[in-house]
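No lab work stands behind these numbers, since they all come straight from the coordinates. Since this is a predicted model, take the numbers as computed values, not measurements. Note that we place each Cβ from the backbone using ideal geometry, even for glycine, and neighbour counts take in every protein chain shown.
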Amino acid sequence: MESSPELSDHARRRMRQRGITREQVEETIRNARPFRYFHAGEWKIGYYNSSGGIFVSQVKDTIVTVMAQVKAQYVERLRKGAP
């Protein structure tokens, strides 16, 4: 990855809680096809690693949360949602 996005405190906390490494986050961003979605009143960019079940959410240049064991159905619901 050329320049790594910042990690919010919330994202760091979730990574620790969920056992996800910075390398896994970077790999997900590097290899996943990004998609825009609307959540909690703002547009975000999502990255989903279907083989690892890792979901990364980014707002501007900051990773705002990281999730593990995410199913494809969750990501599809995000993709279809709109304000």
Per-residue [θ]222 nm for the chain (sum of -39500 (n - 2.57) over DSSP H runs n ≥ 4, rounded to 500): -10000 deg cm²/dmol
Quick one: dipole size for the chain, taken about the Cα centre, charges +1 on Lys/Arg Cβ and -1 on Asp/Glu Cβ, in debye to the nearest 20. 360
Dipole of the chain, positive direction: furthest Cα of 32, 46, 70, with charges on the beta-carbon: 70
Amide H of residue 63: which non-local residues (sequence gap of 5 or more, or other chain) have their own amide H closer than 5 Å, using H built in the peptide plane? 6, 7, 8
Can you give the Rg to Rh ratio for the chain, taking only C-alpha atoms and Rh from Kirkwood? 0.93
